[in-house]
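Before any comments, here is the structure.
The values are calculated or read from the model by the stated rules, or taken from the named source; none is laboratory data. What you see is a predicted model; the values in this text were computed from it and never measured. Cβ coordinates were reconstructed from backbone atoms using ideal geometry, including for glycine residues, and neighbour counts include every protein chain displayed.
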């Protein structure tokens, strides 16, 4: 029997049972191809997940290491500043506080041109 639908005139009309019997091997091959493709995609997905996990672990490790390094650097910075303050801090701060007075005295002396008289 031929299919009477206008666009289907070039093929026979068959029942589902007949069609499945006629195309059973093709259907099985298609199913096997689908299973094989699914297995391949599953393998690729496992590899992607593995690399994603490793990437995230490495990223976390780097962030942790940098954080530790920054803490150590900050600690060393503070130690250096404390040592600098111990060595020069008190005396230098005292001199800095007197700097304004020294500048005013220098300006006052330079107005009277004492320097010229001192050089002779």
Where a residue in region 26-45 is on the phi < 0 side of the Ramachandran plot and its partner, wherever it lies, is surrounded by 10 or more Cβ atoms within 10 Å (Cβ to Cβ) and in a helix (DSSP H, G or I), with Cβ under 9 Å and at least six apart: 27/20
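Yes/no matrix, rows are residues, columns are (1) modelled with pLDDT of 85 or more; (2) under 32 Å from the mean Cα position of the chain (by Cα):
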residue: 67; (1), (2): yes, yes
residue: 70; (1), (2): yes, yes
residue: 76; (1), (2): yes, yes
residue: 93; (1), (2): no, no
residue: 98; (1), (2): yes, no
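Residue-wise test of (1) at pLDDT below 90; (2) surrounded by 10 or more Cβ atoms within 10 Å (Cβ to Cβ).
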site: 10; (1), (2): yes, no
site: 15; (1), (2): yes, no
site: 18; (1), (2): yes, yes
site: 21; (1), (2): yes, yes
site: 26; (1), (2): yes, no
site: 31; (1), (2): no, yes
site: 35; (1), (2): no, yes
site: 40; (1), (2): no, yes
site: 44; (1), (2): no, yes
